[in-house]
Amino acid sequence: MSLSEILYRTKNTLKFKLIESKLIKSSSKDNIYIDFNYIKKVLFDFGCGKTNYSISDNLKDVSRPDETTLYQSDECIQEILISANNALNNKIDVFGDMLTLPDNFDWQTDPTSNRSWSRDFFLRIDYRNADCPGDPKIIWEINRHQFLVDLGIAYQVTGNEKYAEKILNIIASWIHNNKQYYGINWTSSLELALRLWSWLISISLISKSNIFNAWDKNKINYSIYCQADFIFNYMSLYSSANNHLIGELTGLLLVSFFLKGTKKTERWKKKAIFLLEQQIDKQFFNDGVNKEQAIYYECYTIEYYLLCEYLLKAFNQSFSPKVYLRLGKSIEFLHSISTKNGLYPNIGDEDGGYGLRVGKKENKILSLLSLASVLFDKNYLIGKRKLFDLKSLLLLSNKYSRFFMELHDGYEPSSGIIDNSSGRPELKIFKEGGYAILKKVWANEDTLITFDFGPIGLRPLSAHGHADILSINLIHKGKPILADIGTYKYYQDNNWRTYFKSTAAHNTICVEDSNQLDELGSFLWGKEPHIGLSFNEKDLWIEAEHDGYLKNFGVVHKRRLEYYNNSLIITDTIKTSQRRQISMNFHLDKQVTIEKITNGKFKLTNSHAEAIIEFDHKLGINIKKGVDAKERTGWISERFNSITPTNSIIAIKSINKDEIFITKITLI
């Protein structure tokens, strides 16, 4: 930790302790107010040319009379109403599980454990402790209030006041139960930022309701002010400046445009825009890969920037050209690392979150490509399945809906992405970001192979990266075969956290059941290995090696990938003069069945997608599934807080000299 960071954190801690002891005053109420109807007009009506516009107009206008409907309006409305009606009955989706909250929920009690979090001053709450009431991600997810947006859209569609009343009652209950600076819901500025988006958007959608017009808004306005002021004074800077900082700035920017009655908003706005501009180079490499080395968090960070762009555009403002250039590269990377249906390898951490959640069926990558296509006037959906997801329908006005129809009909704006649907395999190297992506797209064949040879994560912490150097993933005919097994959870059980981050949990070589670098904490890695690289994109081969095992075990691992005649040849070279046990791991998607053909040769099947994997005869083969012991293997986490058994193929060999192992995967 640098001296500047130590001084920054010490200053903030002292300031909030003085606030706690009432030696200095916290935020003043001033004459704070927000015109929520103005938010709706600016964010959802601009450019549409209608006087009595409603969100339901956008839902209906996107339908088409032919068979190429992007997203049926009836389906959209039905999905929203189901979610909103669940919320009316206190049923909300949390990481894919439906939780029922008690009628007088205090927003501090974990509904999965029925234990309450401390209501102490936020600086004294240690949410990483194993004895906590539960995983803090659960209570934070609930308190993001992202389900309120569905209630707001339901009001727009039906005009029923019960949806508006529910939104206001929930917010009033939250304010009553969450004293300023006290409790779990004040421990993370990112959580405040996401909650502010939920509040401002949902309230703006009910701003014409009778119950809202009769409601005392002073407490809501003041709470929004206090939360924004907290974010401004407690940002995730220095070593913590990852996606959290970008998300915090997104919330701060939103409030700064619409909160009136205080001079602070101009400072907030200038600070947010300045840091967003400054951070673009610190968050993304030149080739567009996010430095956190986690695809989900790349999506997260891009979404935050797109929401900010949406805000700026609404006020006829813009980022500098360098932001658009780097964001454009990041969008192109998402296009490259996903199939035409938006499927992607779950590399690095994934926590199931959204910047702005609307409904439940959002395809993370296709949603971002849709929004970016419209905001940047580029067709990022070439070669992809085109759709309007619910978030697009909420954010994009009729003007943009017509624009998107033109994209669907083949119109290409100023520039876009090269179409790689010719059926020829293509290899693309993202040298800085550390990914090789081989794609073959033709008719129903949608093959995607990724090879990870890059850094572990965003230094100095590398908090969301995994020890996955030289790991490969395979999607064939749109179906996952060799999978990155995901994240599962962050807190409560460090053994699971350690396993899902480990080298053994990835499709690469592991030496002596150890990681390629030292794990110093749940969100902290030690010194990264040196990585060497050579490749030829035209001839479809790449070779990389790392020295992560050199210091402790005297081993260097080199892996070469070659693709020809629908086969992937993997050549692993292990350089050592010491006796070591190596294991070659291949983790299968949970839908993949495995059939033994001969010793060392197996058929892998996922629906219509098939592959034959042949191992080097020198290796001993084990297949394990759902081993819940010290060894822990044969598991996959397709979404945060969820775990399922899956087949893992582990090829083992004890060596005492340089060895070469050749594995062949034939795609059928």
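For the chain, the relative contact order comes to 10 percent (Cα pairs under 8 Å, sequence separation of at least 6).
If you model region 266-359 as an ellipsoid using its alpha carbon gyration tensor, with each semi-axis the square root of five times an eigenvalue, the axes come out at 24, 15, 13 Å, biggest first. Relative contact order for region 557-668: 37 percent, from Cα pairs under 8 Å spaced at least 6 residues apart, divided by residue count. Taken over region 566-646, the convex hull of the Cα atoms encloses 149 Å³ per residue. Please list log₁₀ I(q)/I(0) at q = 0.12, 0.15, 0.16 Å⁻¹ for region 170-295, using the Debye equation with identical point scatterers on the alpha-carbon positions. Results for region 170-295 at q = 0.12, 0.15, 0.16 Å⁻¹ read -0.50, -0.74, -0.82. Packing here is the average count of other Cβ atoms within 10 Å per residue, and on that basis the peptides 92-99, 378-385, highest first, run 378-385, 92-99.
When Arg632, Arg119, Arg267, Arg144 are compared by accessible surface with a 1.4 Å probe, the order from highest to lowest is Arg267, Arg119, Arg632, Arg144. The angle between the Cα long axis of helix 161-177 and the longest principal axis of the Cα atoms of the chain comes to about 80 degrees, rounded to the nearest 10. Counting 0.36 nm for each residue step from Lys219 to Glu445 and taking away their Cα separation leaves a gain of 75.7 nm. The separation of region 549-600 from region 151-175, counted between C-alpha centres, amounts to 55 Å.
Remark on Thr633: its backbone amide H falls under 5 Å from those of Val627, a criterion applied only to residues 5 or more positions apart or on other chains, H modelled at 1.01 Å from N. Label positions at Ile621 and Thr158, each projected 7 Å from the Cα along the C-beta direction, are separated by 5.6 nm. Over region 187-256, the ratio between the Cα radius of gyration and 2.2 N^0.38 Å evaluates to 1.23.
Taking label positions 7 Å along the Cα-Cβ direction at both Met98 and Lys538, the computed distance is 5.8 nm, reported to one decimal. The angle between the Cα long axis of helix 264-283 and the longest principal axis of the Cα atoms of the chain comes to about 10 degrees, rounded to the nearest 10. Per-residue ellipticity at 222 nm, computed for the chain from helices alone with -39500 (n - 2.57) per DSSP H run of at least four residues, works out to -11000 deg cm²/dmol. Approximating the spin labels as points 7 Å out from Cα along Cα→Cβ, the Ile531-to-Lys551 distance works out to 1.8 nm.
Placing R0 at 51 angstrom, the Cβ-Cβ distance between Thr10 and Ile652 gives a FRET efficiency of 0.50 after rounding to 0.05. The distance separating the Cα centre of region 298-361 from that of region 260-280 comes to 21 Å.
Between helix 148-158 and the chain there is an angle of about 60 degrees, using the helix long axis and the longest principal axis of the Cα atoms. Over 28 Å apart at the Cα level, from the set Lys208/Lys270; Lys260/Lys322; Lys551/Lys601; Lys322/Lys391; Lys162/Lys269, are Lys208/Lys270; Lys260/Lys322; Lys551/Lys601; Lys162/Lys269. Taking 0.36 nm per residue of separation and subtracting the current Cα-Cα distance, fully stretching the chain between Arg128 and Leu18 would add 37.1 nm. Distances between placed amide hydrogens fall under 5 Å for Asn647 paired with Leu588, all partners being 5 or more residues away or on another chain.
The values are calculated or read from the model by the stated rules, or taken from the named source; none is laboratory data. If you're wondering where the values come from, they're calculated on a predicted model, not measured in any experiment. Neighbour counts are summed over all protein chains in view; Cβ atoms, including those assigned to glycine, are modelled from backbone coordinates with ideal geometry. Surface accessibility is based on the protein's heavy atoms, side chains included, excluding ligands, DNA and RNA. Shrake-Rupley method; radii C 1.70, N 1.55, O 1.52, S 1.80 Å.
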